[in-house]
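Below is one structure, written out as structure tokens; the observations come after it.
Derivation of every value follows stated rules applied to the coordinates shown; laboratory data play no part. Source: prediction; values computed, not measured. No Cβ is skipped: glycine too gets one built from the backbone with ideal geometry, and neighbour counts run over all protein chains shown.
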Amino acid sequence: MSKKKTAVVTGAAGFLGSHLTDYLLAKGYKVIGLDNLLTGNVRNIEHLAGNADFDFIKHDVTHFIYLPGPVDLVFHFASPASPIDYLQLPIQTLKVGSLGTHNTLGLAKEKKATFLIASTSETYGDPLVHPQTESYWGNVNPVGPRGVYDEAKRFAEAMTMGYHRAHGLDTKIVRIFNTYGPRMRLEDGRVVPAFIGQALQGQPLTVFGDGGQTRSFCYVSDLIEGIYRLSQSNYHEPVNIGNPGEMTVLQFAQKILNYTGSKSQIVFKPLPEDDPKVRQPDITLAKRILEWEPKVTFEEGISSTVAYFKEFLALNA
Ligand code: UDP
């Protein structure tokens, strides 16, 4: 019987990190999850308690990481990731994207492991090219409130390519577009949990600006499948993973009201500074090199996400 491979997932108690951990365990990996629980929550991994293939270490990856034993894959997913989180945690966001990326790259180099960094569509900033292709260099305000996240991730990409070129490390970069699903934090400020939470609790849906800005929402299982395929590929340049189904924020609010049957009103609030006006991934590259494209329909994805938040609200009532 072949020995199980070991993957390290930073941010394992977060939304994406916990789904990635589940996916890897189901594929037969051993997983070591690291998280400092700043925005992650052990609730997301409590179902793994007692799983002999899973170890959790509470650790801040901006500090040196020491792990005994072999490691085959390192996934660096630790970071505050919602605009409200990184506005409230600017230094931590900058540190985990820079120092945390350096430490996790160092770990991968030491273990001769494959390294995959969770980058973001925010590297394109408020994009002047639409939809966004990987060859677009972006339109980021480095000193605006979102700069702490955008520039940390841009630095992380540069650092990753540095290790690839200088040390021959096997690295991958995924640019993640808006993703949703169970285990998002109700209060993380992102539009999916915000609108679903508001609709379910009979509160007004807070549309920022005139709601004409667009986003494209990918269901979490599709995203994780694309990321795993990327980790197994020989491709080292950035790859967009997301769902190209674009809609305005106002259309999204209306869909949530229709889906939940909520009688909530829509109220308009000021648009946050530097809020991108459009966002839609061009996934031509992912389709070609990974033979991947999203499969879960918006209705299916929203239905399981609403079910999750209903249960969460009932448990926390
Ligand atoms: N948004 C909104 N109301 C909210 C939260 C967000 O209208 O309560 C808007 C936000 O201004 C942005 C879009 O929804 O245009 C997506 O925001 P989110 O925070 O989910 O992530 P982003 O895509 O901006 O990183």
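So which residues in region 253-297 are touching a residue at least 12 places away in the same chain (Cβ under 8 Å), more than 10 Å from the ligand (Cβ to nearest atom), in a loop (DSSP other than H, G, I, E, B) and within 28 Å of GLY202 (Cα to Cα)?
Listed by number, the residues that qualify are SER262, LYS263, SER264, GLN265, GLU273, VAL296.
Do you know which residues across region 18-33 are of a type outside the set (D, E, K, R) and within 22 Å of TYR180 (Cα to Cα)?
Correct list: SER18, HIS19, LEU20, THR21, TYR23, LEU24, LEU25, ALA26, GLY33.
In the list SER79, SER119, SER135, SER98, which residue meets the criterion of being of a type outside the set (Val, Ile, Thr) and farther than 21 Å from VAL239 by Cβ?
Working: SER79 fails: farther than 21 Å from VAL239 by Cβ; SER119 fails: farther than 21 Å from VAL239 by Cβ; SER135 fails: farther than 21 Å from VAL239 by Cβ.
Exactly one of SER79, SER119, SER135, SER98 is of a type outside the set (Val, Ile, Thr) and farther than 21 Å from VAL239 by Cβ, namely SER98.
Could you grab the pairs with beta carbons closer than 6 Å, sequence gap of 6+ or different chains, first residue in region 70-83 and under 16 Å from LEU25 (Cβ atoms), second one among the hydroxyl-bearing types (Ser, Thr, Tyr) and surrounded by fewer than 24 Cβ atoms within 10 Å (Cβ to Cβ)?
Partner pairs satisfying both residue conditions: VAL71/THR6; ASP72/THR6; LEU73/THR114.
Can you find a residue that is under 16 Å from the mean Cα position of the chain (by Cα) and in contact (Cβ under 8 Å) with a residue 12 or more places away in the chain anywhere in region 102-111?
Filtering region 102-111 for residues under 16 Å from the mean Cα position of the chain (by Cα) gives none.
Looking for residues that are under 16 Å from the mean Cα position of the chain (by Cα) and in contact (Cβ under 8 Å) with a residue 12 or more places away in the chain, one finds none in region 102-111, hence no.
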